[in-house]
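Colleague: Just dropping this structure here.
The values are calculated or read from the model by the stated rules, or taken from the named source; none is laboratory data. Nothing here was measured: the structure is a model prediction, and the numbers come from that model. Glycine also receives a Cβ, built like all others from the backbone with ideal geometry; neighbour counts cover every protein chain displayed.
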Amino acid sequence: MNADSKPQKRKWSYWPVAGLVVGIIAATNPFRTPHITLLAAIAVWCAEAVLVLILSGNPIGARIGVLLAGLLLAVPFLVRAAPLPRFLLIAFMILPFAATVALVLAPPIAGFRARLAHLCDCCGKCQAKRLPRRFDAASLQQLVMTTAVFAAAIATVKAAPARGLWLAARWLAGGIGAFALAEMATACHILLTALMGLTVPSWFQSPYRSASVGEFWAKRWNVPSSQILRKLCFAPLARHGAGLALFTTFLVSAIAHVLFVYVPLGRWRISLICGAFFLVQPLPIAAERWMKVRRWRPGAGRAWTLTVLVITSPLVVEPMLRIFERSWGAPDNVLLPTSVALGFVIVLGSIPVLASLASAQLLVKKSIQGYT
């Protein structure tokens, strides 16, 4: 990389920040009123997902796309719906914005499906490949078991009163439910990719197996978001010190999660509590570097990681439970929240798999044309 390309890359990185600022301004506009229906918001998301891929074919279009995607992050703030649908909507609205960020930082890519392939291949780091289709019985068994664990965790949360010593059981069950949900997503991804005959990067990589807190956040929990934050926040600031880069990265994540909780609940106090969970994460990461946790045996490293997460998890578990429990039905109804969670991981896992299938077909077509 020559001397002129580094300032140019930094200049391009300003556009995602500008898009995010535009979205925050639109979302926090005091004159906004929630008047958009949930179906209309879903239609906006579908149109946005296609439009940003079309616009990103050239540098000017990529800049417009990232500003548009940032602006549309305000849509969940304008939707009339229960807290859980609004929370899920903002989770999905992040996807087009993340895609535009990846494309605006990449060299121009000609072709709609080629840009789709670039995104599905972790921005070119691991190319999607076709494999023989097969039925992975082990992943299906894992999906069924973890879904049962999730249902048991939800049942415990519903049975435990949100007061006194019962809060410990509520938070522990909520944390177990979060790990079970991540394991459901991991198993669902393996099952779908095996059925479709593809190798596709996963959103989650069995987070409970993390041997350090750093590994948990960088390699196992919400991997695409971690990669984007690393590229946009950590890497540019690392030259000024790893500590500053680490804290700033989690600060950005904290701000994002404050907004995630504020959108469905509309309460700043519980939203700030959720953000505090991410602000404390740099402390155990810095501590484990000093303690050389990576040199520990895997079992000891996992025990350390789970202990840190159990201690700090109430800060994020309680806000999430307050979002979910407003929409999960009667106290004795466990089927509804379990079905919603299972549907969520299936949809979330299907998006990159189907997109990668289209990109893999493009690669096959190109290879045939090259052969002929």
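Colleague: Across the stretch 29-82, what is the number of residues that are touching a Ser or Thr at 6+ places or on another chain (Cβ under 9 Å) and either among the polar types (S, T, N, Q) or closer than 16 Å to Pro264 by Cα (or both)?
Modeller: So the answer is 8.
Colleague: Another question, then. Out of all the residues in the stretch 307-350, which are under 18 Å from Arg170 (Cβ atoms), touching a Phe, Trp or Tyr at 6+ places or on another chain (Cβ under 9 Å) and aliphatic (A, V, I, L, M)?
Modeller: Of everything in the stretch 307-350, those that are under 18 Å from Arg170 (Cβ atoms), touching a Phe, Trp or Tyr at 6+ places or on another chain (Cβ under 9 Å) and aliphatic (A, V, I, L, M) turn out to be Leu309, Val310, Leu315, Val316, Val317, Met320, Leu321, Ile323, Val334, Ala341.
Colleague: Also, quick follow-up: I'd like the full set of residues that are touching a Lys or Arg at 6+ places or on another chain (Cβ under 8 Å) and surrounded by 14 or more Cβ atoms within 10 Å (Cβ to Cβ), limited to the stretch 157-181.
Modeller: The answer is Val157, Ala160.
Colleague: At pLDDT 85 or above and either more than 22 Å from the chain's Cα centre (by Cα) or assigned to a loop (DSSP other than H, G, I, E, B) (or both): which single residue out of Ile109, Ile42, Ile64 fits that description?
Modeller: Residue meeting the stated conditions: Ile64.
Colleague: Would the stretch 197-211 turn up any residue that is surrounded by fewer than 19 Cβ atoms within 10 Å (Cβ to Cβ), over 28 Å from Pro298 (Cβ atoms) and touching a Lys or Arg at 6+ places or on another chain (Cβ under 9 Å)?
Modeller: Yes, the conditions are met somewhere in the stretch 197-211.
Colleague: Between residues in the stretch 208-237 that are under 16 Å from Leu306 (Cβ atoms) and residues that are assigned to a helix (DSSP H, G or I) and among the aromatic types (Phe, Trp, Tyr), which pairs lie under 8 Å by C-beta distance while being six or more apart or on different chains?
Modeller: Here the result reads Tyr208/Phe179; Ser210/Phe216; Ser212/Trp304; Val213/Trp304, each pair linking the stretch 208-237 to a residue that is assigned to a helix (DSSP H, G or I) and among the aromatic types (Phe, Trp, Tyr).
Colleague: Right, next: Take the residues in the stretch 213-265 that are at negative phi and either in a loop (DSSP other than H, G, I, E, B) or not assigned by TED's automatic domain parsing to the domain that holds Ala300 (or both); name whichever of them is surrounded by the most Cβ atoms within 10 Å (Cβ to Cβ).
Modeller: For the stretch 213-265, the residue satisfying everything is Trp221.
Colleague: Ok, one more. Just one of Ala82, Ala91 is within 18 Å of the chain's Cα centre (by Cα), surrounded by fewer than 17 Cβ atoms within 10 Å (Cβ to Cβ) and outside the structural domain of Cys233 (by TED's automatic domain parsing); which is it?
Modeller: Criteria check complete, one pass: Ala91.
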